[in-house]
Ligand SMILES: Nc1ncnc2c1ncn2[C@@H]1O[C@H](COP(=O)(O)OP(=O)(O)OP(=O)(O)O)[C@@H](O)[C@H]1O
Ligand SMILES: [Mg+2]
C-alpha cells in the first residue's frame, strides 16, 4: 500500500495556479526527488502533501497514522534568541529523555546538545534539522533542499547520511534538490515539476524526456549521462555521488553542473553560503 497518494492537486495563490492537476504517490522505502526551476511550486507541493498548504482542489490520501518528518527549505530563527540544540529539538513537543541524544548521534552530532543554534555552521545546522525530523521516527521524510549552504564535500556527506537513514529506518524520502549528482545517483524516482508534473520516472527515463531537457537546458545531457544511476543493482549508496570508479569518465562535473544551472542564478553554486 502507498504511504501517500495525491490526486489532481491544484493550489492557487490569488488567481494564479501554482500547482495544477498534480498527481503522485509514494511507496514505502523509496527515494523520490522533485526537480524544477525556481518558483515552479516544489516547496508548495511538499507543504500540500504535508497537509499545511490548503488545496483549491484535489485529494490526498495518507496511510493511516503515517509518521512524517519534515525539514523545511527556510527556517527563520531569530539570531538574537539564545536557543540550545537541546531546547530546539524539544520544540514544539517534548520527547522522551535520550531521544535527542539518539538522533544527534545518528546525524554525527553526538554531544552537541548544549551548543547554541546560532553558533552552528551551515552543515551542522542542516544535521540538527534532520535530527529534529528523525525524532518523529518517520515513515516518510520530506526534505526541502536539505543541502542548501553546504559545500560539495558537505553535500556528499549529507546525502550519504540520508541514504543510511533510509536503509536503517526503512523510511521513504521525498526531497527537493537542484543538484544533478543527487538526482541521478541517489534517487529511485524523479519528478520534474513546473506547476504541473512535466515528467516522472526513473532518472534514466526522466533524463531522456524532452520536457526535462526543455527545462534544464542542453548542457544537462552530459551531466545526466555522467551521473546516471544503474537501477539493476542494490542500493548500496555508501559510494560517493558521481566520483566513484563506475562514474568517472574524466569529465569535470562542476563544469557540467554550471551549464545546467544557467537558468537558475539563485541556486548557482557560486552564490551559496559556505558558512
Ligand atoms: N504563501 C504564498 N503566498 C503567495 N504566493 C506564494 C506563497 N507561497 C509561494 N508562493 C508563490 O508560488 C510560487 C511557487 O513557490 P514555491 O516556493 O513553491 O517554489 P519553489 O519551486 O519551491 O521555488 P525555489 O526553487 O525558489 O525554492 C512562487 O511564485 C511563489 O512566489
Ligand atoms: Mg522551494
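Remarks
- Between residue 2 and residue 66, the modelled labels are 0.9 nm apart [label points 7 Å from Cα along Cα→Cβ].
- For the stretch 75-136, alpha-carbon Rg and Dmax in angstrom: 10.6, 28
- Global geometry of the stretch 1-156, whether rounded, prolate or oblate, following the gyration tensor of its Cα atoms and the 1.5 cut on a/c: prolate
- Ellipsoid semi-axes in whole angstrom, largest first, where each is sqrt(5λ) of the Cα gyration tensor of the stretch 51-96: 29, 17, 7
Where a number appears in this text, it was derived from the coordinates with a stated rule and is not lab data. Remember, predicted model here, so these are calculated numbers, not experimental data. In this analysis, Cβ positions are derived from the backbone assuming ideal geometry, glycine residues included, and neighbour counts consider all displayed protein chains.
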